[in-house]
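Have a look at the structure below before the remarks.
The values are calculated or read from the model by the stated rules, or taken from the named source; none is laboratory data. Model, not experiment: these values are computed from the prediction. Heads up, the Cβs are rebuilt from the backbone with ideal geometry, glycines too, and the neighbour counts pull from every protein chain shown. When the accessible area is computed, the model is the full protein with side chains, heavy atoms only, and any ligands, DNA or RNA have been set aside. Shrake-Rupley method; radii C 1.70, N 1.55, O 1.52, S 1.80 Å.
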Amino acid sequence: MQSEKTSREIAAWRLELRDEVSSTNTVLKEMALAGEAEGKVLIARRQRSGKGRMGRSFYSPEETGVYMSMLLRPNLTVQESLLLTTAAAVAVAGAIEQICQVEAQIKWVNDIYCHGKKVVGILTESALQTPTGASHAPQLSYAIVGIGINLWTPTAGFPKELQTIAGSVLDRPRQKEESDLRLALAKAVLERFEAFYRALPARTFMEEYRRRSLLIGQTVRVLDANHRPIEGYPPVTVLDVGDEAELIVALPSGTRKAIHSGEVSVRPENQ
């Protein structure tokens, strides 16, 4: 049954723009703990300590990207919260094509690729409500969906360790006349995400997620928390993405397996 929280329109996105923050996720989490209502959006020109998945950082130099976080209070379980990340990935990919006229693809679970390189990272962080009964699955108290978009190429380029991985949507430095592009892209993301959020249990975004997938049909390696191939685990072929955003793969034996969390790589093992 569709919940009240995810079947209604957010009353209003409330945007707050800051020049610099430690991390939009970190600051918005503080607001959530202080009782901030759903719909708060924090956008920064620069992050000192941008956060990525699995404890990694997200490079966030001034004036070259869109760094934003959304505060949500959905009636979802922990298991269902992955839908927020998946919906956000589809919303960002669509917004990039709408505003920037650049093709965007999704690498499971939540990275956006343009021109063959990662240009977007998405990190969802959440907290649980105090349990109200033994028969109920734990529900989220809040969820913060953080989105980092490399819109332009930094003037000095990306750090050496990111040069073969990271790219930018427009694949060039920012032009002076593009000062309003960051906010236009952020608003397009919010508009698309809200449409998915209103009917989250219906998973209306999953068809587009599959269509944009970089991995379906590819042979990949499953990685550990240190971004290294798991020893003894064979390369697998990606068959599909399930309705719970799980990766459906085939082992060399032909056995099907669902991967619900983690990370995969399409690069050769020695890279």
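With respect to S81, determine if the residue is modelled with pLDDT under 85, outside any helix (DSSP H, G or I) and either within 20 Å of D180 (Cβ to Cβ) or open to solvent by 10 Å² or more (accessible area, probe 1.4 Å) (or both).
Working: modelled with pLDDT under 85: yes; outside any helix (DSSP H, G or I): no; either within 20 Å of D180 (Cβ to Cβ) or open to solvent by 10 Å² or more (accessible area, probe 1.4 Å) (or both): yes.
The answer is no for S81.
Working only within region 244-271, note down all residues that are modelled with pLDDT of 90 or more and either polar (S, T, N, Q) or open to solvent by 70 Å² or more (accessible area, probe 1.4 Å) (or both).
P252, S253, T255, R256, K257 - these are the residues of region 244-271 that are modelled with pLDDT of 90 or more and either polar (S, T, N, Q) or open to solvent by 70 Å² or more (accessible area, probe 1.4 Å) (or both).
Applying the selection to region 213-239, what residues are open to solvent by 60 Å² or more (accessible area, probe 1.4 Å) and assigned to a strand (DSSP E or B)?
Passing the criteria: T219, L239.
State whether the residues of region 141-153 include one that is modelled with pLDDT under 90, among the aliphatic types (A, V, I, L, M) and under 20 Å from the mean Cα position of the chain (by Cα).
no
Yes/no matrix, rows are residues, columns are (1) surrounded by 15 or more Cβ atoms within 10 Å (Cβ to Cβ); (2) without any contact (Cβ under 8 Å) to a residue 24 or more places away in the chain; (3) aromatic (F, W, Y):
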site: H115; (1), (2), (3): no, no, no
site: L128; (1), (2), (3): no, no, no
site: V145; (1), (2), (3): yes, no, no
site: K160; (1), (2), (3): no, yes, no
site: V169; (1), (2), (3): yes, no, no
site: R182; (1), (2), (3): yes, no, no
site: Y197; (1), (2), (3): yes, no, yes
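Select from region 92-111 the residues that are under 14 Å from R211 (Cβ atoms) and of a type in the set (A, V, I, L, M, F, W, C) and list them in ascending order.
Those that are under 14 Å from R211 (Cβ atoms) and of a type in the set (A, V, I, L, M, F, W, C): A93, A104, I106, W108.
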